[in-house]
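Notes follow the structure.
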Amino acid sequence: MMTVGSESLQGLSTEITLDKTVKSIPGTTSKQCRQLEDCGFHTVRKLLHHFPRNYADLQNAYGAVDDNAYLIFVGRIISSRAIRAGYSFSFLEVVVQCEFVNNETNSEFMCNDCDNGGKKIIYLHLKKFFRGTRFTYQPFLMSIQSKYEEGDCVCVSGKVKKMKLKNHYEMREYNIDILEDEEEKHAHLECRPYPLYPSKAGLKPDFFRDIIVRALKILPANIDPIPDEILKEFNLLKLHDAYMQIHSPKTLDEADLARRRLIFDEFFYLQLARLYQMLEALGSHIEKEELLNKYKNQELHAVSVEEWFPLTKTLLKALPYSLTPSQLNAVSEIIWDLKRPVPMNRLLQGDVGCGKTVVAFLACMEVIASGYQAAFMVPTELLAIQHYEHVLSLLQALADGVCKPSVALLTGSTPTKQSRAVLEGIKTGDISFVIGTHSLIAEKVEFSNLRIAVIDEQHRFGVIQRGRFNSKLYSIPTNLRVDAASSGQSSEETTYMAPHVLAMSATPIPRTLALALYGDMSITQITDLPPGRTPVETIVLEGNDVGFESVFQMMRDELVAGGKVYLVYPVIEESEQLPQLRAATCEFDSISKKFEEYKCGLLHGRMKSEQKDEALRKFRTGETCILLATQVIEIGVDVPDASMMVVMNAERFGIAQLHQLRGRVGRGTKKSRCVFLSSTSGTLERLKVLEKSSDGFYLAQADLLLRGPGNLLGKKQSGHLPEFPIARLEIDGNMLQEAHLAALKVLATSNDLECFPGLKAELSMRQPLCILGD
Ligand SMILES: Nc1ncnc2c1ncn2[C@@H]1O[C@H](COP(=O)(O)OP(=O)(O)OP(=O)(O)O)[C@@H](O)[C@H]1O
């Protein structure tokens with residue numbers, strides 16, 4: 001445990017200094033303050049978080065001065081002339097002489113004009129043009145010329161362009177800074193990296209550089225809210241030094257160390273906020289300790305099959321297959337967690353079709369067997385019906401003497417009379433297992449004793465929707481009340497607890513990324529596939545006449561061999577705006593005609609619930625062999641003997657999404673194939689990654705790198721990973737674990753952060769959970 005001493009005062013000046021207005025920066029004019037504020041830079045903190053996008057350093061110019069290279073030099077002005085060149089045209093030309101260090105054996109520089117130390121002189125020409133008669137008057141010309149005086153030491157960055165004259169270069173898109181300060185001059189002559197700031201809303205890089213330098217001067221050393229022990233243990237710079245070194249590094253290594261500290265902060269405060277929020281929601285000290293211990297010991301826990309409730313064991317035996325080792329471990333691990341006195345918050349991850357559903361069903365059975373209720377929430381009606389029927393068929397297989405749980409379905413389309421009866425059954429406890437869509441979290445749904453909520457495809461529900469289950473409390477067993485009482489807590493406070501939550505995801509996110517998103521979640525992974533599966537043969541083709549002909553031939557072969565085919569379309573109906581997109585309803589007739597001997601079905605989101613159900617039922621039973629569908633089938637649809645899929649306009653979908661779609665085939669033992677048709681040849685390359693790999697983790701990573709982390713998962717429907725200001729999850733993910741551990745350490749010392757007022761203040765300033773949409 002950490003000692004609490006000086007830390008309690010530590011970081012208090014953070015609030016005082018970092019959150020002062022930009023007006024407090026010495027030498028900042030009121031115009032500059034207004035400009036900054038208009039741009040959203042209200043505080044010193046905001047300004048200091050405007051980080052350089054890159055650094056230029058003089059070493060850039062060591063090797064060669066290549067045409068069009070973006071380089072930076074420090075040198076002296078040797079001439080500055082403002083000249084009237086016509087009736088309404090003038091220009092300023094500044095020539096800067098730079099000593100150029102040549103350590104290349106490049107023939108151009110094996111020159112006579114290099115001195116013995118390998119140095120040579122080059123001349124940079126900077127021109128600025130003015131049009132308009134008012135720019136041709138002498139006073140104007142004198143004034144611009146006097147801004148740059150001969151002998152001034154300057155830092156020049158820009159694109160270089162060789163001139164005819166040897167060793168002379170023209171600078172384009174340049175920036176010129178006069179180095180006034182002796183220290184600054186030396187710093188640059190010592191080859192310090194030079195921060196290159198991004199412009200923002202018309203404010204130029206120089207503007208930021210200038211004000212940030214002044215802000216750094218007033219930054220006190222004692223601004224770090226993170227305790228010294230944590231800094232030492234995780235080898236982190238102090239916050240003050242991190243700000244200094246990110247904005248004004250002596251070397252690029254210094255800038256890297258600073259970046260590491262600032263990334264750590266982004267992750268640390270997110271983890272701290274998550275865990276803090278969870279601890280706050282818990283009543284007793286025992287629960288809090290239990291929670292922290294659980295996260296500290298991330299080793300695998302399990303409850304062996306013998307210890308499961310008889311109902312769960314019976315269902316396991318009645319399954320038409322044996323669980324894979326990793327499915328079995330997953331159930332055991334989840335059941336272990338269900339027996340803890342704190343609400344479980346677990347993510348069950350596994351690639352498409354690996355068999356997550358049955359794992360979740362078994363967990364629900366365990367809860368039901370102990371006398372409580374289970375709810376299973378899925379994102380689409382189609383999936384709810386499928387799961388409902390699946391559970392019924394599994395339960396049917398149980399012997400007659402077994403007491404079977406009562407199961408109900410609740411979706412937006414459940415007829416009023418029926419839904420009233422379901423609501424009543426849930427309230428009285430007559431229904432112990434309910435499967436449904438987001439209707440399950442409506443306020444009017446009152447559970448008698450809900451103890452587990454399974455959320456399938458959890459990223460498709462908003463954070464708030466997921467959290468809604470927490471308000472559907474259940475009463476905790478008496479023995480836990482005794483524990484709570486012995487810890488000095490009043491039993492009333494601990495009478496109710498939030499249900500266990502098991503979220504499922506088929507979007508495989510690397511473990512570290514999952515931690516970033518769900519710092520408070522434990523993770524269970526299914527790493528194998530049921531036996532007998534063969535990888536889906538994947539073909540990427542251009543959707544031209546030749547492409548379609550070969551696809552139709554493949555379909556014919558498949559159908560002759562007794563297979564079933566999904567045709568997936570990006571839209572339901574043709575649209576004038578996007579005429580290149582193929583539409584499911586429009587192609588129904590032509591496909592039906594082309595494959596006259598086979599029956600076709602249609603399935604899309606605009607159909608009524610029972611029509612959708614009927615279409616899927618017919619496809620499942622083989623009444624139809626070709627199903628023209630839209631993305632509605634993307635998640636969870638399970639027709640094990642479907643053996644071919646063709647995706648039209650595949651370029652419209654993301655890689656992870658196509659992987660999900662492809663997961664609808666190859667779910668049985670039949671060899672399957674999937675064709676992605678792209679309407680443009682340019683996008684073929686991007687899709688080819690799917691031909692090479694069927695590993696969801698690999699593809700998710702490829703997608704992440706291709707599109708940036710913003711587009712993979714989501715707080716709403718679209719699926720987004722949180723975007724951090726500087727951290728990039730795909731690269732900096734390893735620092736998450738460290739930040740997680742650090743947050744646990746801090747909270748183990750002080751559950752409510754009372755011993756760390758600086759950290760508490762920082763949390764409320766940063767509001768890190770906003771990143772996740774909380
Ligand atoms: N151990 C197993 N052996 C054989 N078949 C299995 C096994 N586990 C599950 N299955 C079958 O595999 C198919 C896919 O399972 P399930 O629908 O649970 O996968 P999932 O992980 O939820 O997939 P998705 O991410 O696509 O929803 C189902 O038909 C299921 O009955």
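The values are calculated or read from the model by the stated rules, or taken from the named source; none is laboratory data. Owing to the predicted nature of the structure, the values given are computational and were not obtained by experimental measurement. Heads up, the Cβs are rebuilt from the backbone with ideal geometry, glycines too, and the neighbour counts pull from every protein chain shown.
Brief remarks on what is shown
- Qualifying residue in the stretch 685-698 (condition: touching a strand residue (DSSP E or B) at 6+ places or on another chain (Cβ under 6 Å), more than 18 Å from Arg582 (Cβ to Cβ) and within 15 Å of the ligand (Cβ to nearest atom)): no
- Among the conditions (1) under 29 Å from the mean Cα position of the chain (by Cα); (2) aliphatic (A, V, I, L, M); (3) more than 21 Å from Arg662 (Cα to Cα); (4) at pLDDT below 85, Met497 misses just one, which is (1).
- Residue that is surrounded by the fewest Cβ atoms within 10 Å (Cβ to Cβ) [pool: residues in the stretch 654-682 that are β-branched (Val, Ile, Thr) and over 24 Å from the mean Cα position of the chain (by Cα)]: Thr680
Every residue, every condition in (1) in contact with a Ser or Thr (Cβ under 6 Å, 6 or more places away or on another chain); (2) assigned to a helix (DSSP H, G or I), yes or no:
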| position | (1), (2) |
| --- | --- |
| Pro341 | no, no |
| Ala360 | no, yes |
| Ala363 | no, yes |
| Glu366 | yes, yes |
| Ala374 | no, no |
| Pro379 | no, no |
| Leu383 | no, yes |
| Leu392 | no, yes |
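- Criterion: within 16 Å of the ligand (Cβ to nearest atom), farther than 30 Å from Val342 by Cβ and of a type in the set (A, V, I, L, M, F, W, C) - qualifying residue of Val536, Val546, Val560: Val536
- Every pair of residues 6+ apart whose Cβ atoms lie under 6 Å, when the first sits in the stretch 631-651 and is touching a residue at least 60 places away in the same chain (Cβ under 8 Å) while the second is in a helix (DSSP H, G or I) and β-branched (Val, Ile, Thr): Val646/Val551
- In the stretch 332-361, the residues that are within 11 Å of the ligand (Cβ to nearest atom) and not charged (D, E, K, R): Leu348, Gln349, Gly350, Val352, Gly353, Cys354, Gly355, Thr357, Val358, Val359, Ala360, Phe361
Per-residue answers, yes or no, for (1) within 25 Å of the chain's Cα centre (by Cα); (2) hydroxyl-bearing (Ser, Thr, Tyr):
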| residue | (1), (2) |
| --- | --- |
| Tyr243 | no, yes |
| Ile246 | yes, no |
| Ile263 | yes, no |
| Arg274 | yes, no |
| Ala318 | no, no |
| Gln327 | no, no |
| Arg340 | no, no |
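- In summary, Pro379 fulfils each of the numbered conditions (1) within 16 Å of the ligand (Cβ to nearest atom); (2) surrounded by fewer than 23 Cβ atoms within 10 Å (Cβ to Cβ); (3) modelled with pLDDT of 90 or more with the single exception of condition (3).
- Among the conditions (1) buried (at least 20 other Cβ atoms within 10 Å of the Cβ); (2) modelled with pLDDT of 85 or more, the only one that Thr621 does not satisfy is (1).
- The stretch 411-460 - residue that is within 16 Å of the ligand (Cβ to nearest atom) and not in a strand (DSSP E or B) and, of those, nearest to Ala384 (Cα to Cα): Thr437
- Lone unmet requirement of (1) away from the ligand (no atom under 16 Å from the Cβ); (2) crowded, with 23+ Cβ neighbours inside 10 Å for Ser370: (2)
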